[in-house]
Every structure is written in structure tokens, then in C-alpha cells.
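Heads up, the thing below is written out as C-alpha cells.
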Amino acid sequence: MVFNYGYLTWEWTERLRGYTYPLIFASIYKILHLLGKDSVHLLIWIPRLAQALLSAIADLRLYSLMKQLENQQVAQWVFFCQLCSWFTWYCCTRTLTNTMETVLTIIALFYYPMEGSKSMNSVKYSSLVALAFIIRPTAVIPWIPLLFRHFWQEQRKLDLILHQFLPVGFVTLSLSLIIDRIFFGQWTLVQYNFLKFNVLQDLGSFYGSHPWHWYFSQGFPAVLGTHLPFFIHGCFLAPKRYRIFLVTVLWTLLVYSMLSHKEFRFIYPVLPFCMVFCGYSLNNLKTWKKPALSFLFLSNTLLALYTGLVHQRGTLDVMTNIQELSYNNTSVSSASVLMMMPCHSTPYYSHVHYPLPMRFLQCPPDLTGKTDYLVEADMFYLNPLKWLYMEFQNDSSLPTHLIIFSVLEEEISPFLISNNYERTAVFFHTHFPESRTGSHIYVYERKLKGKLNQR
């Protein structure tokens, strides 16, 4: 199931992403299947727990590194800042490539040759950087200043390149090529395709664009949250050898600022670098330390709890309803689901684990250069009612269940009434609805006329 294109997004069909990262979780699924434990709940929670474990290992590596470079007291403050960051809690259990990129970056930093480090190992850190690049090619961006610094300070430069960097790069890239050759059926360099699409052609702007200053004016301050004043304070206090960390942060923000499409998660890998400076700030506070700690802890805890447990939870909760439809409905063979929401609003078969016919509004980007190109989702939202009547011209093609945001209900109510759809479930989603995203999610089920008369 994992490698069927029907269960993967267009990024795989267009060979923009490889199979190295999905293979990790596919192996977990295979083991669970062989053990007879491949229930939908395990398929949902095991990847999250695995990602959380990797994130915890990375956090401990950050603590160990700072203990080597400074002392236990500074390391504890850096560790505290990392652990109480709301954005760390928001991302660390999510199976995003950005999360794995951040994990590998922190662990690689543990082996990076910093003055005072006792764990430096060029082969280990370059291998981890190479693996991060294979999983997400933009992972190399934060490492460009660090790699140049290492090369500049290395006395045996030729040996570093010929006997360490090149062999590591060759092995990891070859492994990626072989894995993708097996699943794509032909030789494919997905890292080049990814960089071409997102960087050279900047086609990511199809999914939204922001002004060049967005990361500096909104993205970075939001990710740091209440850590921001401590980060600024720590930049003035940290020793000179940590300037490379600050350069890494600024360089990453500048590079990503040149791309039109911007998201908070893209800069998640630089967050641990920022925590070094936040830790220095706390370590050097002489007065107001307890109020500062209380402020950091409470503000981040409240935000982490809200964003992790309350905000936009409806798209996960509604999948539980679909699971129950799959496993508890005796007529599941005739059931089908249409999600009339912005594309990729919900998880998909990973949260159902049943061959239930499902469909969501598609939104693949235009790779042909058409000027009047519209994705299915945009065509739908231009006139939802007209789209529905055009799409379903006879009763036999109607899905048994519709999933919509609350903002859409009034507009398509004639279609719902004329086709005997009845609201059967309501799920809270967000306190901050937007144009296409409502405060609640509604599940509508089509009732047969006989059942309606019985009621």
C-alpha cells in the first residue's frame, strides 16, 4: 500500500521526492504487518513515537554538545530553552521531512569540529548532513556556512575533500539513486528535481507567496515566540566562536527569503542554533531570572498546548469518524467519501487503513506553463454548487459521505437537500476561520429514501 501512487502525492509521481524517507516508515509498517499488529491506531502512533524518540535523542545531543563547549550550567539553560519552545513541541512528533532535517542537523552538529568539542568527527557529521540532504535537499542551506568554515580552518584541505567529503557524498547519493531506481523503475536524481522545482523555477509560489521580508518580520519572530528577546540578548553575550551559529541563522533566513513560497516549518532547523544564544542569555541574567523563567515556561506551555491540542484539530478528529465508518459499518463496501476542502487538509489512507473509496480535491501545480491553469480545488471554489451538479449528474455516482468546512454549508445546501444528505457529525477545528477554512467540520451522509421515511 505504501508505494502505490494512489497513496502518495503528486510530488512522488513527478519525482520531486525520493523513497528514502518513506522507506523508513514503510519498514515499520511491514514489521507491524508481519507481527499481525498493523492496526490503524498503531499505524498512526508508531511513526509519531519514533519521530518523538529521534527528536529526544537530538535534544540530548544538543545538551551534551553545550556541556562540552561550555559547562553544565550553560548546557542546562540551552536545554531548558530547547525543551520549552512551543514550536519544538509543535513539530517534534510530526513526520515532516523538516522535522527529520532538524533532528539530523542537531546530531550532526554534535560531531562538527567546534573549538572545545570532544566528539568532533568529520565522517560522522558529513554523513548525517548528506543523509539530511537526501531526505530534503534544502537541508544543505544551513550547512553551507558551517562547511565553508570547516574547510577554511582545516589544514589538510585536500585530504578532507578526497578522503571524507567525496566518499561520504558518493555512498549516500548512490544509496538514494538505487532506492529510487527500484521504486521509480528508472534512474532518477530527485534531489536535482526538487531543487529545480523549488529553487531554480520557484514553482512553490503556486501554493502561496509572501514578501521577501516575511521571515524577518513574521516567520522568525513567530517561531521563536517569547524566546526572541532572550535570543537578541544572548547574541551580544555569547563568545565569538558562536558567531558561526548566528551567521548560519541569518544566512538561512536570507536564502529562504529569496524564495516566494514561505512557511514557518522551513526554518525549523535553525531553531536549535537560536537556543544556544537564548541559553546564554538566561545564564547571564543576574536579576529577574525567576520571573523570566516563569514567563518563558508559561507562555510557551500555553501556546504549545493550544496549537498541539486545540488549534486545527478537526481534520484529525474527522478521520476517526471515517475509521469508524470503515470498521463498524456493515455496508462499508458501498460507502465512499468526498472531502470538499482545500487540498491535503486531512490525512489520508494512513489514518484509515482500509480500502475505502476516498477522494479529495486535487491541487497539483502546472508543470506545462499554461497561463489559464486552474487546479480542481480552485475550479470547485469558483462555484461549488455548479461544480457539484456538473460532477454528479446521476445518483449512482454520488458519494455516501461528504466532508466539508462549515463555511461551505450554506452555499451548497440546495445540493445537500435535493440529494438527501443529512449532517451526522460536527467537529471543532479552529477559533480562527479563514476564507475556505471554517471553524467546524461537518460530515454529511446520504440517506436512502426508505430510511428517511422510516424516520
Quiz prompt | Accessible-area composition of segment 328-405, carbon plus sulfur, in percent [1.4 Å probe] | solution = 54
Practice problem: Pick out, from 160, 213, 175, the residue whose Cα sits farthest towards the positive end of the charge dipole of segment 139-220, with +1 on the Cβ of Lys and Arg and -1 on the Cβ of Asp and Glu. | Solution: 160
Exercise. For 286, 124, write out the residues from largest to smallest accessible area, computed with a 1.4 angstrom probe and no ligands counted.
Key: 286, 124
Quiz item: What figure in square angstrom, to the nearest 10, would you give for the accessible area of residue 157 with a 1.4 Å probe?
Solution: 70
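Sort 366, 378 from largest to smallest accessible area, using a 1.4 Å probe on the heavy atoms of the protein chains. Mind dumping the intermediate values first?
On the way: 366 25, 378 50 Å².
Ranking 366, 378 by accessible area, largest first, yields 378, 366.
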Quiz item: Which Cα, out of 357, 394, 406, lies furthest along the positive dipole direction of segment 344-412 (beta carbon charges, K/R +1, D/E -1)?
Solution: 357
Exercise. Work out Dmax and Rg for segment 253-344 from the C-alpha atoms and quote the Rg first, both in angstrom.
Key: 21.9, 68
Quiz prompt | Dipole magnitude of segment 141-197 about its Cα centre (Cβ charges: Lys, Arg +1; Asp, Glu -1), debye to nearest 20 | solution = 100
Quiz prompt | Calculated [θ] (222 nm, deg cm²/dmol) that DSSP helices of n ≥ 4 give over the chain, each run adding -39,500 (n - 2.57) | solution = -17000 deg cm²/dmol
Self-check item: Compactness of segment 303-375 - radius of gyration and Dmax, Cα, Å
Solution: 15.9, 48
Quiz item: For segment 115-235, treating each Cα as an identical point scatterer without solvent, what Debye log10 I(q)/I(0) comes out at q = 0.09, 0.13 1/Å?
Solution: -0.40, -0.79
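How big is the Rg/Rh ratio for the chain, C-alpha atoms only, Rh by Kirkwood, two decimals? Can you show the working numbers first?
Values: Rg = 24.7 Å, Rh = 24.6 Å.
Computed over Cα atoms, the ratio is 1.00.
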Self-check item: Alpha-carbon Debye profile of segment 1-101, log10 I(q)/I(0) at 0.21 Å⁻¹
Solution: -1.08
Self-check item: segment 231-349, relative contact order [Cα under 8 Å, separation at least 6], %
Solution: 27
Self-check item: residue 390 - accessible surface, heavy atoms, 1.4 Å probe, Å² rounded to 10
Solution: 120
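Direction-averaged shadow area of the convex hull around the Cα atoms of segment 317-455, nm²?
On the way: hull surface 39.4 nm².
Its average projected convex-hull area is 9.9 nm².
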Quiz item: Which values, in whole Å and largest first, are the semi-axes of the equivalent ellipsoid of segment 217-373 obtained as the square root of 5 times each eigenvalue of the Cα gyration tensor?
Solution: 44, 24, 11
Quiz item: To the nearest 10 square angstrom, how much accessible area does residue 15 have with a 1.4 angstrom probe?
Solution: 60
Practice problem: Rounding to the nearest 20 debye, state how big the charge dipole of the chain is about its Cα centre with +1 on each Lys and Arg Cβ and -1 on each Asp and Glu Cβ. | Solution: 1280
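Quick one: dipole size for segment 240-399, taken about the Cα centre, charges +1 on Lys/Arg Cβ and -1 on Asp/Glu Cβ, in debye to the nearest 20.
Values: 12 positive and 9 negative charges, 298 e Å.
Taking the Cα centre of segment 240-399 as origin, the dipole is about 1440 debye.
Tell me, what is the FRET efficiency for residue 173 and residue 359 to the nearest 0.05, using R0 = 41 angstrom and their Cβ-Cβ distance as r? Can you show the working numbers first?
Working: r = 37 Å, r/R0 = 0.90.
So the FRET efficiency works out to roughly 0.65.
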Quiz item: So how do 440, 431, 227 rank on accessible area, 1.4 Å probe, biggest first, that is with the largest at the start?
Solution: 431, 440, 227
Self-check item: Local electrostatic count, residue 40, Cβ distance below 15 Å [Lys/Arg +1, Asp/Glu -1]
Solution: -1
Self-check item: Label-point separation, residue 183 to residue 30 (7 Å along Cα→Cβ), nm
Solution: 1.1
Quiz item: Considering the dipole of the chain built from charges on the beta carbon (Lys and Arg +1, Asp and Glu -1) around the Cα centre, which of 309, 77, 10 is farthest to its positive end?
Solution: 77
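What full-extension length gain, to one decimal in nm, is calculated for residue 52 and residue 373 as 0.36 nm per residue of separation minus the Cα-Cα distance?
On the way: separation 321, 0.36 × 321 = 115.56 nm, distance 4.00 nm.
Gain in length upon complete extension: 111.6 nm.
Enter the accessible area per residue of the chain (Å², integer; probe 1.4 Å; all protein chains in place). Walk me through the intermediate numbers first.
Numbers: 22900 Å² over 455 residues.
Result: 50 Å² of accessible area for each residue.
Hey, any idea what Rg/Rh is for segment 51-143, computing Rh the Kirkwood way over Cα pairs?
Across segment 51-143, the Cα-based Rg/Rh ratio is 0.97.
The values are calculated or read from the model by the stated rules, or taken from the named source; none is laboratory data. Note that the coordinates shown come from a computational prediction; the quantities given were computed from them, not determined experimentally. Glycine gets a Cβ as well: all are built from the backbone with ideal geometry, and neighbour counts include every protein chain shown. Just the protein is used for accessible areas: all its heavy atoms, side chains included, with ligands, DNA and RNA removed. Shrake-Rupley method; radii C 1.70, N 1.55, O 1.52, S 1.80 Å.
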